[in-house]
Every structure is written in C-alpha cells, then in structure tokens.
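Notes to accompany the following structure.
FYI, it's all coordinate maths here, none of it is from the lab. This is a predicted model, so every value here is computed, not measured. Backbone-built Cβ (ideal geometry, glycine too); neighbour counts: all protein chains shown.
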Amino acid sequence: MLLKYSMDKTVYFQTLAQYKYNPGILIRAEAGTEVKAAADGKVTAVSEDDDHGTVIQMDLGNDYMVTYGQVTDVKVKAGDEVKEGDVIAKVSEPTKYFSEEGTHLYFQVNQGKNTVDPMLLLR
C-alpha cells in the first residue's frame, strides 16, 4: 500500500509536498497491471479527473459506490454490469499530482455521501 485511507488526520503527499486527507487508498502497482472489479456492480460513469486521470465509478448496491482511478485501457462503459474479478482496465502512469508516489491504483469506497476505509471491506 502506497498511501492509506485517512479522513481523521492528514497524510503526506510527496509530489504535492503537503499534508492532506486521503478519502481512498493508493495501491502500488506497475503500469499495465490488470485492474479487476472488487465486487459485482454497475458502471455508472467513466470520466477524466485532473487528480486521478481516468476514473471508473461503480454502484455496488445498498448505497455503496466504488471509484477506481489512475487507469487506462478501460474495458467498460456506463451501464455495464460487472462481476467481481472481471478485468475493467489497466493501471496507467500516474498523473502529475502523483509523479513522486509512482504508479498505483486509486481506490475509494463511498457509503452514501461518506467515504469508508476500503480496507474494512476488501477481502
């Protein structure tokens, strides 16, 4: 793990040379590594974001949403039903905001409007 979830205290972001809250986790991975769906769900959006590059958002049901960032070669589109373990993208080179941290997958979980520590839910 490159950076842990932290909404109760700030963590240091090396590229930005500042402390910030981190609403997701950064999982160290080589560029080109396959990104697999963490759970069954429906893709709600594929978009671009300055911080996290290409971003995939999925609705898992029961008011849970997941966001995958720092991805490329996206294999899904909005409306697609995805099964746990399906390849949905590949890890991209980091955006300029994470150049010092290196290549990684950004992963965020929301329950309603609140973020949740993904490590509490991942198996």
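May I ask you to list the residues in the stretch 17-30 that are among the aliphatic types (A, V, I, L, M) and either loosely packed, with under 14 Cβ neighbours inside 10 Å or part of a strand (DSSP E or B) (or both)?
Result: 17, 25, 26, 27.
Residues that are under 14 Å from the mean Cα position of the chain (by Cα) and more than 24 Å from residue 113 (Cβ to Cβ): list the strands (runs of 3 or more DSSP E) wholly contained in the stretch 39-100 that include at least 1 such residues.
Qualifying strands (runs of 3 or more DSSP E): 64-72, 87-91.
Based on what the data block shows, is residue 37 out of contact with any Ser or Thr (no Cβ under 7 Å at 6 or more places or on another chain), small (Gly, Ala, Ser) and surrounded by 20 or more Cβ atoms within 10 Å (Cβ to Cβ)?
The answer is yes for residue 37.
Provide a single number: the residues in the stretch 85-109 that are under 19 Å from residue 42 (Cβ atoms) and buried (at least 18 other Cβ atoms within 10 Å of the Cβ).
The number of residues fulfilling the criteria is 5.
One residue is enough: does the stretch 70-83 have a residue meeting the conditions of a type outside the set (Val, Ile, Thr), in contact with a Ser or Thr (Cβ under 9 Å, 6 or more places away or on another chain) and closer than 19 Å to residue 3 by Cα?
So far as the stretch 70-83 goes, yes, one or more of its residues are of a type outside the set (Val, Ile, Thr), in contact with a Ser or Thr (Cβ under 9 Å, 6 or more places away or on another chain) and closer than 19 Å to residue 3 by Cα.
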